[in-house]
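Scroll down for the structure; my scribbles are underneath it.
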Amino acid sequence: QQQVKQSPQSLIVQKGGISIINCAYENTAFDYFPWYQQFPGKGPALLIAIRPDVSEKKEGRFTISFNKSAKQFSLHIMDSQPGDSATYFCAASNPEGSYIPTFGRGTSLIVHP
Amino acid sequence: DAGVIQSPRHEVTEMGQEVTLRCKPISGHDYLFWYRQTMMRGLELLIYFNNNVPIDDSGMPEDRFSAKMPNASFSTLKIQPSEPRDSAVYFCASSRSGTRDTDTQYFGPGTRLTVL
């Protein structure tokens with residue numbers, strides 16, 4: 001049972017464009033939503049995270065939008081750069097699960113120069 | 001801190017052989033996780049430990065897989081006997097006690113396993 005559904009599986013964007021990755025969850029007990037970024041040959045690393053008490057969180061060119069009623073959240077990468085090319089994982093966690101994240105399947109992002 | 005350390009970084013073995021992957025978590029972290037990553041299945045949680053005790057091994061694919069954590073600074077994932085379908089990148093990750101502010105998982109660089 002996939003508790004966090006992520007789309008698209010792959011994404012190709014031109015330099016300067018906006019990259020958008022979407023995730024949806026089912027468990028309403030989730031209350032922490034991190035995004036991880038993985039470069040080729042490396043392990044995933046925390047990029048940005050949001051809690052459901054806010055609808056948006058921005059860090060530089062990266063923004064998480066959160067829609068609690070729809071149980072959806074998304075990552076927006078503004079002014080995408082070739083250096084953003086990586087695999088992105090959304091995740092969700094809750095206190096009942098000791099805040100151990102449930103990961104989405106991942107999105108492979110390629111930003112063309 | 002050196003981060004999560006995994007060894008070896010690459011392993012090529014033949015079907016039927018025993019494979020042992022090693023992990024040293026970040027000092028002070030009391031959770032340790034083993035993941036497997038493939039193109040087909042994405043990032044799968046195999047097993048995790050809390051204070052050296054296995055908590056959930058429901059992700060371990062079959063009895064050929066076993067994991068141990070003899071102390072707070074070392075864990076192993078063993079595959080015996082290995083099969084070609086075990087070929088994947090295996091990640092170890094660690095984190096501090098499960099509160100919302102400390103649940104960030106720190107991943108190692110991974111071990112790329114190829115079973116011929």
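The values are calculated or read from the model by the stated rules, or taken from the named source; none is laboratory data. Computed from a prediction, not measured in an experiment: that's the story for all the values here. Glycine also receives a Cβ, built like all others from the backbone with ideal geometry; neighbour counts cover every protein chain displayed. For accessibility, only protein heavy atoms count, side chains too; no ligands or nucleic acids. Shrake-Rupley method; radii C 1.70, N 1.55, O 1.52, S 1.80 Å.
General remarks:
- Screening B:SER58 with (1) surrounded by 16 or more Cβ atoms within 10 Å (Cβ to Cβ); (2) without any contact (Cβ under 8 Å) to a residue 12 or more places away in the chain; (3) not β-branched (Val, Ile, Thr) gives one miss only, at (1).
- Selection status of B:GLY28, surrounded by 15 or more Cβ atoms within 10 Å (Cβ to Cβ), assigned to a loop (DSSP other than H, G, I, E, B), touching a residue at least 12 places away in the same chain (Cβ under 8 Å) and away from chain A (no Cβ under 11 Å): no
- Qualifying positions in the range B:61-116 - among the aromatic types (Phe, Trp, Tyr) and out of contact with any helix residue (DSSP H, G or I) (no Cβ under 9 Å at 6 or more places or on another chain): B:PHE74, B:TYR90, B:PHE91, B:TYR106, B:PHE107
- Selected residue (criterion: surrounded by the fewest Cβ atoms within 10 Å (Cβ to Cβ)) from residues of the range A:89-110 that are more than 9 Å from chain B (Cβ to nearest Cβ) and part of a strand (DSSP E or B): A:ILE110
- The number of residues in the range A:13-40 that are closer than 16 Å to A:TYR88 by Cβ and either outside any strand (DSSP E or B) or open to solvent by 20 Å² or more (accessible area, probe 1.4 Å) (or both) comes to 8.
- B:PHE91 vs. criteria open to solvent by less than 70 Å² (accessible area, probe 1.4 Å), within 14 Å of chain A (Cβ to nearest Cβ) and farther than 18 Å from A:TYR99 by Cβ: yes
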